[in-house]
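Working notes for the structure below.
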Amino acid sequence: MFQEKIIEPKYTKRAVIDVGKFCPMSCRFCYFHHLGDLTKQKYGDFNYLKNEIDRAIGRGNSYLDYTGGSPTSYPRITELIKYALKKNIKSCLITEAIAGKARVNEILESGVDDFLVSLHGLNDVADFLFDYPGAFKKQVGFIEQISGIMRFRFNFVINRFNQDRILETAKFMQRWNPLVINMINMNPHYDWRFDTAKKDIIANLREVQPQLEEVIPFLEENGIGFNLRYYPFCRLDKKYWKNICNPPQVLSDPCEWDYDLQPITPEKAEKWIRAELDNIANKGEPCRRCNLLRICGGANKYHHEASFDAGFGEIYKAKYPDDIISDAETFDYMRYRKYNTACLGER
Ligand code: SF4
Ligand code: SF4
């Protein structure tokens, strides 16, 4: 049922540098939504960030992702990119992609290797989600500017306001021939956990599932890798389980972060996965009696609760796949994921 080819998983060697939470946008689903106006937030101290780069390299990482907030707005980002390059480390900026031409040119000239462009819908959907009139127009300008220069990547956060726009947005993204598209299920982390409004922001995965099952083969037939992050296995056809990257898979993804665990060993990874799932995973039905629990990790408990509050009812369904036959196999976290050759190759 799978393609023949597999990639033998290796632990990531990518670290994250957080430049601070300043951001010109105000995304309705932002994990930092509860901090209020993000334009009032501060950037990280330059020397502290340089030290973070040194620490990441010292742990054995070979690639950096810059997050925020807004790394493209950070005034000294080009200095950080150059500093890392001198140490033979390449950089990717995760970006809302509204920076103007001159700024993008400076960043390109500094030697940036990749952009991970956050695009959550088209036209008025994008503007609404960013709560920033004209955002989509600026994003298109940004994408046009970088598209001839590099094969970048896209992020798309799946939420209530774009849950019916997945296919049209994926088709728009495909036109730019990105290397990889990540779709990230909005799970209520941080202060969203306790916010009763979380029921209004999470997507109804029953609506999402059929679109994903159309999008994944469409993108892969066009040579574009596809990752689905933090998503229940039971809401996707088995042939696309290779595309799901949940806590049990995340440390073996070359584009995910080392979470300060480098050098990662199987023992450290297992401890991290257990701690992570202890915090966020649903411990009750139906996950408790699901044979996929160890590989899937279980539904996010806050998403699970919010699904009931939203009136979606029971959206998870326990599966009993015939091909998980031994205890050892239930611990083979990369059992399906290793077939995602478009996403697991070296960068
Ligand atoms: S661009 Fe990122 S940091 Fe800024 S508001 Fe949106 S999700 Fe939050
Ligand atoms: S029932 Fe729970 S553990 Fe099983 S696939 Fe669904 S979300 Fe994952």
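Just so it is clear, none of the values below were taken in a lab; they were calculated from the coordinates. Only a predicted model underlies this, so the values are computations on that prediction, with no experimental measurement involved. Note that each Cβ is placed from the backbone with ideal geometry, even for glycine, and that neighbours are counted across all protein chains shown.
Between the exposed loop cleavage positions of the chain, defined as GluC sites (Glu not before Pro) in a non-H, G, I, E, B DSSP state with at most 12 neighbouring beta-carbon atoms within 10 angstrom, the longest gap is 5-313.
No disulfide-compatible partner, judged by a Cβ distance under 4.7 Å, exists for the following cysteines of the chain: C23, C92, C234, C245, C255, C287, C290, C296, C343. The alpha carbon centroids of the stretch 43-72 and the stretch 255-288 are separated by 23 Å. Annotation: the antiparallel percentage among DSSP beta bridges lying fully within the chain is about 5.
Amide H to amide H, with H built 1.01 Å from N, I158 comes under 5 Å of I184, N185, M186, counting only residues 5 or more places away or on other chains. Qualifying trypsin sites (Lys or Arg not before Pro) in the stretch 159-265, where qualification requires a DSSP coil assignment and no more than 15 other C-beta atoms within 10 Å, comprise R175. Calculated [222 nm] ellipticity per residue, helices only, for the chain: -10000 deg cm²/dmol; basis is -39500 (n - 2.57) per DSSP H run with n ≥ 4, divided by all residues, nearest 500. Which residues' amide hydrogens lie under 5 Å from the amide hydrogen of K90, considering only partners 5 or more residues apart or on another chain, with H built in the peptide plane? For K90, whose amide H was placed from the backbone, the distant partners under 5 Å are L64.
Taking Cβ atoms as reference points and 11 Å as the exclusive limit, the residues near E207 contribute a net charge of +3, counting Lys and Arg as +1 and Asp and Glu as -1. Summarised in one figure, the compactness ratio Rg/Rh of the stretch 14-344, Cα atoms and Kirkwood Rh, is 0.95. Taking a ≥ b ≥ c as the square roots of the eigenvalues of the Cα gyration tensor, an a/c ratio of 1.5 or more together with a/b larger than b/c marks the stretch 233-347 as prolate.
Here is the list for the stretch 29-69: trypsin sites (Lys or Arg not before Pro) lying in DSSP coil, each with at most 10 other C-beta atoms within 10 angstrom of its C-beta, are K42.
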